[in-house]
1. Pop a pseudo-label 7 angstrom from the Cα along the beta-carbon direction at both W115 and K266 and give the gap in nm to one decimal.
2. Name the long-range amide H neighbours of I140: under 5 Å, sequence gap of 5 or more, or other chain; modelled H, no Pro or chain starts.
3. Using 0.36 nm per residue, how much length does the chain from R339 to A463 gain when fully extended, once their Cα-Cα distance is taken away?
4. At A306 and A148, where each label point lies 7 Å from the Cα along Cα→Cβ, what is the point-to-point distance in nanometres?
5. If you plug each phi of region 517-533 into the Karplus form 6.51 cos²θ - 1.76 cosθ + 1.60 with θ = phi - 60°, what whole-Hz ³J(HN,Hα) values come out, in order, with x for Gly and Pro?
6. Which of the trypsin sites (Lys or Arg not before Pro) found in region 166-224 are loop residues per DSSP with 15 or fewer other Cβ atoms within 10 Å of their Cβ?
7. Which FRET efficiency value, to the nearest 0.05, is calculated for S327 and D242 with the Förster distance at 45 angstrom and r the Cβ-Cβ distance?
8. Whose amide H sits under 5 Å from the amide H of R22, counting only residues 5 or more places off or on another chain, with H placed in the peptide plane?
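Laboratory data are not the source of any read-out in this text; all were calculated from the coordinates shown. Predicted, not measured: the structure shown is a model, and the values here were computed from it. Note: ideal-geometry Cβ built from the backbone for every residue, glycine included; neighbour counts use all protein chains shown.
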Amino acid sequence: MTDYDIRKKLAAALRSRAGQARTDHPLSYAQRPLLMLHQMNPDSASYNVAFTARFTDGFDSAAFRGAIQSLVGRHAALRTTFSRVGADGQDNTAGRQTVHGWLEPDFAELDVRQWSEQQLDDAVRSAYREPFDLTTGPLIRVRAYLVAPGEAVVLLALHHVVCDFWSLSVILAELEQLYLAETERRPSQLPGRTVPYSDFVAYQRELIAGEKGSRARSYWHAQLSGQLEPAEWPRFELDPADASEGGSLVFPFSAELARDVFALAKEEGVTPYAVLLTAFQVLVSRYTGRQDVLVGTPVAGRTDPALAECIGNFVNPVVLRADLSDSVSFREQLGRTRRTVVEALEHQDYPFELLVSELAPRRVDDRNPVFQAMFSYQKPSRYPALAGLYVADEGAAPVAWAGLTAVPFRLNQQDDQLELVLEVVHDGDRLVGLLKYRKSVFSAQAARQAAGNYLALLQAALADPGRHVAELPMPTEVDPGSDQRTAPERQVVGAAPRSEPGGGAAVSAHERRVMAAWQQVLGREGIGPDDNFFDLGGTSMLLMQVHELLADEAADGPLKVHELFRYPTVASLARRLGRTAATVSTGPGRGRASSRRVQLADGTARSARLRARERHRLDTDGGKDV
């Protein structure tokens, strides 16, 4: 038996013994909303993160599996499971994460040599979209589709709660070294210890409590003062049968346009990110009719250098506010963008989830608070080859990987997290756009027009940076949509108003039930029928507790979580509880199909009620969720 064989047997024995070890930790602020969203829709794949590639020139499935096991052993985040929101004894809204000493990754090898390309595409997409169980794990799924001897299409999928785009770079870089070590039957040259994600959680809490956190809080409260109403998009002709999830499209920049972006950035002393972002802010302004534009952008969240090689969800969205009211030149607007970005990066550590709970903007249906459009610029520095493999457009080139050739394999990662998201991927000298959109807001044609409009705005700005932003042309003009907020419920015609004998308005049994639930969750008295849950200091996390209390109170069946956002006042929620299925409102007056998250919540209502009852039984019996 060789030294390699002895080490492998020892590693297997250690994994077997480590499987019983567990340590509990609090959640980061980036994880909390993801855990809540998962509870709302456990069957959703909106927050699955994936990497796909076709490996040729001698792919060894057994070696790749060994490399995956070594990777999981190195990073605690890949051996983590989560409790439900409300299961944290120290913080009744936060939930917990449990790191296991060992948690076997979900790895499967499939012989697909007789499959067609369409069958293969369908299988990869189906495996990507398969939901994760955050309470049992594992939260990493690997599929090796053997298409020919020494050739395989590989899917690597993880839940966003344990992985971000930076982490994908770390994973690919380490897997290359670990795979080489497996094929050469030797130890890898990687450092022995990695920083656990729990160190970041502790670092984040200390930062928030300190002076730096206080300064960041003051900055963001000042930056986001005033009304934060949702964006009003144009109305597009939609296909209701195809409006239940997200869509995406890839559009490459011409070589000349990419060169002009880099040239203007250099000339103005800004990054290409600032140039591309400014053009996107102009696009959002045109589509919403607003000159006060709020766009989110994800930042890496790894301001501590010790966390550079750690796998986990560190990303934190920051809000970039642009004032386009005075229609300055694109060059001057670019300078404003630069200042805004620099200030935002200086205060990037303040968690967006915490900021939302403090600002308490009015919630509308299942729309993201504060911003509904996002821009990101992906230029992986840890593993540059990830750019082309990630976007996998026709111009992406194969790359060398651990003695193999990694060929891009296109996987449409369609989601409906936000209404409009533009990612620009920097791949060598190329720029490639990836537009993601909600099909309940944008049709496929409208999305293609938006991409074309963006490129036209950018091209015109680059050709003449001194031109006023209001004068930049778009080939397809749009009219901003009307207010999308749900119209206030009106009293049924012919129904007599209720009144107390003494002249005051009567309080129905359902209103008393809602008030009691709010009083219990918010810890305050004096709640009236017209009060708004979020105006009283309620948050998304606290709303989950309200759902637990009221889930079975609706006359026509269990209340859905998304309905608590739709009916935020005592009176409107009480009316919802008292309605029968035949009279329940179908939602916003625009007639849009609900988003995929809402439809999934509807489809799993019965199981949600059963889970709520089971949780209640466990709570009363002293049981604990894992």
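1. The two pseudo-label positions are separated by 4.5 nm.
2. Distant-sequence amide H within range of I140: D106.
3. Taking 0.36 nm per residue and subtracting the Cα distance, the gain is 42.4 nm.
4. Here the modelled spin labels are 4.9 nm apart.
5. 5, 5, 4, 5, 7, 8, x, 9, 9, x, 7, x, x, 8, 6, 9, 4
6. Values: sites: R185, R193, R205, K212, R215, R217; in loops: R185, R193.
Taking region 166-224 and a limit of 15 other Cβ atoms within 10 Å, the loop trypsin sites (Lys or Arg not before Pro) found are R185, R193.
7. Details: r = 37 Å, r/R0 = 0.83.
Working from the Cβ atoms, E equals 0.75.
8. Distant-sequence amide H within range of R22: G101.
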